[in-house]
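One structure is given here, and the rest of the page talks about it.
We did not get these values from a lab; they are worked out from the coordinates using the rules stated. Just so it is clear, the structure is predicted and the values come from calculations on it, not from any experiment. Note that each Cβ is placed from the backbone with ideal geometry, even for glycine, and that neighbours are counted across all protein chains shown.
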Amino acid sequence: MARYRGPKNRIARRFAANIFGKARNPLLHKQHPPGMHGAKRKKKSDYGMQLDERQKLKAVYGVLSQKQLVNTYKKALSRPGNTAHNFIDQLECRLDNIVYRLRFSSSIFAAQQLVSHGHILVDGKKVDRRSFLVRPGMTVALKPKSQQMKAVLIAQENTHREIPEYLSLEESKHTGKLVAIPQMDQIPIPLPINIPLVCEFLSHTN
């Protein structure tokens, strides 16, 4: 899938949150939602609310396609346990997202690029598929030749982004590990998202 190149600041303003973790908060420039007169809010239908929650989720995880979200939902539905929890776990354990959480990149989009360009190793083997599902115990590392890339070094200096407790990081070795399946309250999502509402929306999508 092509890399998203759309207006990220517009999405951040729409949901009033620095979704993409930019060092310079886009909301400092224009605090109001996009549109004439700050897009006055109207009461939304159930469908409209579901659509908004889906859009938030897509933005947080790198603007995934509808097909990717539906496939992820179907896999979550087929697993035992809470479907909403299974769904967010799968998104959180995508390789591109793990690369971002480990601070190998400054944004989810930069993480997608690192993966697709072959800079990432999983258990010592190159994996260039962004949707690859990282499982507990797997190690994720930067290739030795990629460790001194300027973008990588800048990302690693940004220590205000904490490493989630379900990940461990050996910074000196540029290596991290997924130590456990993420719990809902451990996932550092930058804005509240109603995951069950997203699942309800996807359940009606073929």
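For the residue pairs Lys74/Lys125; Lys125/Lys173; Lys126/Lys177; Lys145/Lys173; Lys58/Lys125, alpha carbon separations beyond 19 Å are given by Lys74/Lys125; Lys58/Lys125. Give, in nm to one decimal, the length gained when the segment between Ser116 and Lys143 is fully stretched (0.36 nm per residue of separation minus the Cα-Cα distance). Fully extending the segment from Ser116 to Lys143 adds 8.4 nm.
Taking a ≥ b ≥ c as the square roots of the eigenvalues of the Cα gyration tensor of segment 64-104, is the shape rounded (a/c under 1.5), prolate (a/b larger than b/c) or oblate? Verdict is oblate for segment 64-104.
As an exercise, use a Förster radius of 30 Å and the Cβ-Cβ distance of Asn71 and Lys44 to find the FRET efficiency, rounded to the nearest 0.05.
After rounding, the FRET efficiency stands at 0.65.
Residue order for Tyr166, Tyr47, fewest other beta carbons within 10 angstrom first, comes to Tyr47, Tyr166. With a point put 7 Å past each Cα toward its Cβ, work out how far Lys125 is from Ile163 in nm, to one decimal. Distance between the two pseudo-spin positions: 2.4 nm.
Starting from 0.36 nm per residue, how many nanometres of slack lie between His204 and Thr175 once their C-alpha separation is accounted for?
Numbers: separation 29, 0.36 × 29 = 10.44 nm, distance 4.00 nm.
Extra length from His204 to Thr175 when fully extended: 6.4 nm.
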